[in-house]
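**Student:** The structure is given below, and queries will be raised subsequently.
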Amino acid sequence: AQTVTQSQPEMSVQEAETVTLSCTYDTSESDYYLFWYKQPPSRQMILVIRQEAYKQQNATENRFSVNFQKAAKSFSLKISDSQLGDAAMYFCAYREGSGAGSYQLTFGKGTKLSVIP
Amino acid sequence: KAGVTQTPRYLIKTRGQQVTLSCSPISGHRSVSWYQQTPGQGLQFLFEYFSETQRNKGNFPGRFSGRQFSNSRSEMNVSTLELGDSALYLCASTPQLTNTGELFFGEGSRLTVL
């Protein structure tokens, strides 16, 4: 079974600084997707960034970027120029490729990010 | 376009009772999945529906069941409630038009079992 591990239960960052959240996963599949989801205190989870395993280029979305190391099964999220609105729980998630016929996500336990003004 | 809508947002039940939670996906989304979120276990997959058929099921007892209607709306039911069923239940939908399978989540239904 696939597992996703987030080793940092809590992290903090100064406003305008950069922070990196860690995620490792375990799978025997070669075709899969990785996601970072953000869950603010209002609880609605929203997608931050997505990475397809077959793409070597790291995904980037504005201030958010990932460092995808397929061989090491590592998928970290870097938040640049941190803003107060970035404070939330961040979940790393894994999904098998399209051949799996399911959109089931396996989530890590989450990292609570605090942003210090 | 309206987002994923879950009702009720909050509810309190006692042990032994049953509960039904409802989820209306984003218009045009045909796949709906449910997750249970607790502080101890995190986010755990319950089940996934597509076109009224259960496509996948997580490792939960038979007390947890669900269904999907022809308009893609979904319900989940928990019978004989236990204290450990207290959780935030999240519903998510996806358009099934892309292989990336991004899930769009609702705000959840917070269930407290006393």
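**Student:** If you scan segment B:83-109, which residues turn out to be assigned to a loop (DSSP other than H, G, I, E, B) and either out of contact with any strand residue (DSSP E or B) (no Cβ under 7 Å at 6 or more places or on another chain) or more than 30 Å from A:VAL48 (Cα to Cα) (or both)?
**Tutor:** Scanning segment B:83-109 gives B:PRO95, B:LEU97, B:THR98, B:ASN99.
**Student:** What single numbered condition from (1) assigned to a loop (DSSP other than H, G, I, E, B); (2) more than 14 Å from chain A (Cβ to nearest Cβ); (3) surrounded by fewer than 16 Cβ atoms within 10 Å (Cβ to Cβ) fails to hold for B:ASN77?
**Tutor:** Among (1) assigned to a loop (DSSP other than H, G, I, E, B); (2) more than 14 Å from chain A (Cβ to nearest Cβ); (3) surrounded by fewer than 16 Cβ atoms within 10 Å (Cβ to Cβ), the lone unmet condition for B:ASN77 is (1).
**Student:** Let me confirm something: among A:GLY101, A:GLY110, which residue is on the phi > 0 side of the Ramachandran plot, within 14 Å of another protein chain (Cβ to nearest Cβ) and within 10 Å of the chain's Cα centre (by Cα)?
**Tutor:** One residue alone meets the criteria, A:GLY110.
**Student:** Also, quick follow-up: On the basis of being within 12 Å of chain A (Cβ to nearest Cβ) and small (Gly, Ala, Ser), does B:SER72 make the cut?
**Tutor:** no
**Student:** Hey, B:SER70 hits all of (1) in contact with a Leu (Cβ under 8 Å, 6 or more places away or on another chain); (2) over 24 Å from A:LEU34 (Cβ atoms); (3) surrounded by fewer than 16 Cβ atoms within 10 Å (Cβ to Cβ) but one; which does it fall short on?
**Tutor:** Among (1) in contact with a Leu (Cβ under 8 Å, 6 or more places away or on another chain); (2) over 24 Å from A:LEU34 (Cβ atoms); (3) surrounded by fewer than 16 Cβ atoms within 10 Å (Cβ to Cβ), B:SER70 violates only (1).
**Student:** Turning to a different aspect of this structure: Among residues belonging to segment B:80-113 that are out of contact with any Ser or Thr (no Cβ under 7 Å at 6 or more places or on another chain) and exposed (fewer than 14 other Cβ atoms within 10 Å of the Cβ), point out the one that is nearest to the other protein chains (Cβ to nearest Cβ).
**Tutor:** Only one residue tops the list, namely B:THR98.
**Student:** Identify the residue in segment A:65-98 that is more than 17 Å from A:SER114 (Cβ to Cβ) and within 14 Å of another protein chain (Cβ to nearest Cβ) and, among all such residues, is modelled with the lowest pLDDT.
**Tutor:** For segment A:65-98, the residue satisfying everything is A:SER98.
**Student:** Which of the residues belonging to segment B:9-44 are over 19 Å from B:PRO95 (Cβ atoms), within 12 Å of chain A (Cβ to nearest Cβ) and either surrounded by fewer than 15 Cβ atoms within 10 Å (Cβ to Cβ) or hydrophobic (A, V, I, L, M, F, W, C) (or both)?
**Tutor:** The answer is B:ARG9, B:TYR10, B:THR38, B:PRO39, B:GLY40, B:GLN41, B:LEU43.
**Student:** Say we look at segment B:1-27 and pick out the residues that are touching a Lys or Arg at 6+ places or on another chain (Cβ under 8 Å) and not β-branched (Val, Ile, Thr); which of these is farthest from A:SER42 (Cα to Cα)?
**Tutor:** This residue is B:SER27.
**Student:** Among (1) more than 26 Å from A:PRO41 (Cα to Cα); (2) of a type outside the set (D, E, K, R); (3) surrounded by 16 or more Cβ atoms within 10 Å (Cβ to Cβ); (4) out of contact with any Asp or Glu (no Cβ under 8 Å at 6 or more places or on another chain), which single condition is B:PHE47 missing?
**Tutor:** (1)
Every residue, every condition in (1) farther than 23 Å from A:GLN39 by Cα; (2) in contact (Cβ under 8 Å) with a residue 40 or more places away in the chain; (3) outside any strand (DSSP E or B); (4) among the aromatic types (Phe, Trp, Tyr), yes or no:
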site	(1), (2), (3), (4)
B:SER27	no, no, yes, no
B:TRP34	no, yes, no, yes
B:GLN37	no, yes, no, no
B:GLN54	yes, no, no, no
B:LEU81	yes, yes, yes, no
B:LEU111	no, yes, no, no
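**Student:** Let me ask something additional. Step by step: first the residues of segment A:45-64, then only those that are surrounded by fewer than 16 Cβ atoms within 10 Å (Cβ to Cβ) and part of a loop (DSSP other than H, G, I, E, B), then the one that is farthest from the other protein chains (Cβ to nearest Cβ). Which residue is that?
**Tutor:** Across segment A:45-64, the extreme among qualifying residues is A:ARG63.
The values are calculated or read from the model by the stated rules, or taken from the named source; none is laboratory data. Keep in mind the model is a prediction, meaning the values are calculated, not measured. Note that we place each Cβ from the backbone using ideal geometry, even for glycine, and neighbour counts take in every protein chain shown.
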